[in-house]
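Here is the structure we will look at, set down as structure tokens.
The values are calculated or read from the model by the stated rules, or taken from the named source; none is laboratory data. These numbers were taken from a predicted model, which means no experiment stands behind them. Ideal geometry is used to build each Cβ from the backbone, glycine not excepted, and the neighbour counts take in all protein chains shown.
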Amino acid sequence: MPEGLFLEEKSRVLRVSELNLAIRRLLESEIPLIWVRGEISNLVKAASGHFYFSLKDDQAQVRCVMFRHKNQLLSATLANGQQVEVLAVATLYEQRGDFQLTVEQLRPAGLGVLYERFAQLKLKLEREGLFDADRKRALPRFPRRIGIVTSPQAAALRDVLTTLRQRLPGVPVVLYPTAVQGAGSAEQIALAIRAANHRAECDVLIVCRGGGSIEDLWSFNEEIVARAIAASDIPTVSGVGHETDFTIADFVADERAPTPTAAAQRVVPDRRELLRGLQDLAQHLRRAQRNRLQNAMQTMDYLQRRLVHPAQQLQRQSQQLDQLYQRLQRADAYRQRHWNWQWVSLTQRMQAASVDFSRLQDRQANLAQRLARAMNTMQQRHAARLESVAQHLIYLDPKQVFARGYSMVQDANGRVVSDAETLAVGDELRVTFAQGWAKTEVKEVGGK
């Protein structure tokens with residue numbers, strides 16, 4: 001509850017729950033997420049999975065709670081007496097009125113400073129180009145001598161030597177001993193790398209150590225080590241810690257291996273794979289040589305078959321010439337017979353095609369007589385038909401009807417009158433006779 005609200009309601013009596021609620025809201029709104037450092041004490045891991053503990057220093061303490069969904073993300077087990085740093089929200093547990101921190105993240109004390117130093121140095125070297133891919137060098141495929149920068153007592157050295165002996169046992173190894181942890185170890189590592197370059201007796205250099213906390217690996221995050229690796233004329237492989245561990249040396253080295261064992265695997269090939277490759281090459285070579293020998297033998301056989309004595313070759317060519325002469329004679333005889341046959345055939349066709357003029361003249365005379373008879377018959381038929389049609393026309397001529405006393409009556413419009421009922425008294429009519437015509441007027445109309 002804001003302060004102004006307290007002033008406005010100072011005359012009102014608050015319940016305890018209202019007061020605690022107001023204080024919790026005030027704390028959570030005014031104090032952001034903060035990092036707090038202290039020692040764990042009174043740690044309780046409840047059956048619900050939540051963690052309850054106190055965080056204290058030499059002058060004060062505060063109660064903390066870390067809920068299950070948050071503490072499941074921890075990579076290490078909590079215990080009383082640990083120095084830690086927590087990212088928490090300041091709040092109030094209303095039911096008891098206890099001030100407490102609700103923890104969101106937890107890490108060992110001091111890691112925040114180390115992480116910050118790590119990030120700053122990484123950014124600085126990256127801007128200088130020490131991490132660029134174009135400055136990385138390829139490792140020699142078959143190194144004549146391998147250098148190792150690590151502690152003689154380190155387990156990583158035994159892992160590297162065992163791996164080298166298993167993969168390629170004949171390669172000499174030179175150890176450049178140095179401390180890999182503790183005060184002054186970074187300077188010793190850089191000095192060992194420079195010594196290896198000064199002696200120039202190795203083709204590749206392994207900088208390695210086993211796993212550990214970030215404090216244990218911190219020597220490989222120092223700038224002096226990074227610059228010594230960057231200045232090395234010998235290709236360098238970094239194999240520090242486990243697969244999840246990354247150091248500045250990993251970014252600067254020509255190649256990064258997740259573990260010391262993996263670093264040894266990177267610098268030498270596997271003898272068994274080499275042997276298998278040699279066996280495959282030998283088998284391929286034998287097969288290619290066998291194929292080449294067989295091809296040469298077949299070529300020799302072919303050339304041997306083609307190799308003929310000159311006398312035999314002359315005899316064969318003479319035989320071929322005789323055969324060609326015989327074929328030419330047969331072809332000439334065939335061509336002569338063919339031409340003779342064509343001449344006879346054409347002669348017969350010409351004779352068969354000669355014209356018989358007398359027969360054609362008789363035929364023409366016969367056709368002329370037949371044509372004359374046909375024309376005469378047709379003329380007679382048409383004359384009879386024309387006479388018959390003329391008689392029909394005579395019979396149908398109206399003048400012949402008029403000659404027998406009939407006449408044709410027409411009204412004033414020229415229409416033929418055939419019914420007296422269509423007339424009226426006073427109508428003018430035209431009467432046509434066999435000879436001439438006359439106009440008349442209707443005086444009387446009678447029925448049928």
Take segment 87-109 and flag every residue that is in contact with a Lys or Arg (Cβ under 9 Å, 6 or more places away or on another chain) and in a loop (DSSP other than H, G, I, E, B). 94, 109
For the list (1) part of a helix (DSSP H, G or I); (2) in contact with a Lys or Arg (Cβ under 9 Å, 6 or more places away or on another chain); (3) modelled with pLDDT of 90 or more, I need the number of the one condition that residue 280 fails. (2)
From the set of residues in segment 46-100 that are of a type in the set (Val, Ile, Thr) and touching a helix residue (DSSP H, G or I) at 6+ places or on another chain (Cβ under 9 Å), which is surrounded by the most Cβ atoms within 10 Å (Cβ to Cβ)? 91
Taking segment 47-76 on its own, how many of its residues are assigned to a loop (DSSP other than H, G, I, E, B) and within 20 Å of residue 92 (Cβ to Cβ)? 3
Checking the condition touching an Asp or Glu at 6+ places or on another chain (Cβ under 8 Å) and either within 17 Å of residue 259 (Cα to Cα) or of a type outside the set (Val, Ile, Thr) (or both), which residue from 170, 147 passes? 147
For segment 406-429, name all the residues that are surrounded by 14 or more Cβ atoms within 10 Å (Cβ to Cβ) and more than 22 Å from residue 396 (Cα to Cα). 411, 423, 427, 429
Tally the residues that are without any contact (Cβ under 8 Å) to a residue 60 or more places away in the chain, of a type outside the set (A, V, I, L, M) and within 19 Å of residue 263 (Cα to Cα), restricting the search to segment 202-216. 5
Condition check: exposed (fewer than 10 other Cβ atoms within 10 Å of the Cβ), part of a helix (DSSP H, G or I) and out of contact with any strand residue (DSSP E or B) (no Cβ under 9 Å at 6 or more places or on another chain). Does residue 312 satisfy that? yes
Evaluate the following for residue 130: is it surrounded by 14 or more Cβ atoms within 10 Å (Cβ to Cβ), more than 30 Å from residue 54 (Cβ to Cβ) and touching a strand residue (DSSP E or B) at 6+ places or on another chain (Cβ under 8 Å)? no
Which members of segment 358-417 meet the condition of being part of a loop (DSSP other than H, G, I, E, B) and of a type outside the set (A, V, I, L, M, F, W, C)? 397, 404, 405, 406, 407, 411, 413, 414, 415
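Of the residues 100, 61, 83, only one is touching a Phe, Trp or Tyr at 6+ places or on another chain (Cβ under 7 Å) and either touching a residue at least 12 places away in the same chain (Cβ under 8 Å) or over 26 Å from residue 17 (Cβ atoms) (or both); which?
Just one listed residue meets the conditions, 100.
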Checking residue 105 against (1) more than 25 Å from residue 21 (Cβ to Cβ); (2) surrounded by 13 or more Cβ atoms within 10 Å (Cβ to Cβ); (3) over 49 Å from the mean Cα position of the chain (by Cα); (4) free of Cβ contacts under 8 Å to residues at least 40 places away in the same chain, the condition it does not meet: (3)
Among (1) among the small types (Gly, Ala, Ser); (2) part of a helix (DSSP H, G or I); (3) crowded, with 16+ Cβ neighbours inside 10 Å, where does residue 288 come up short? (3)
So residue 431 clears everything in (1) in contact with a Ser or Thr (Cβ under 8 Å, 6 or more places away or on another chain); (2) assigned to a helix (DSSP H, G or I) except one condition, right? Which one? (2)
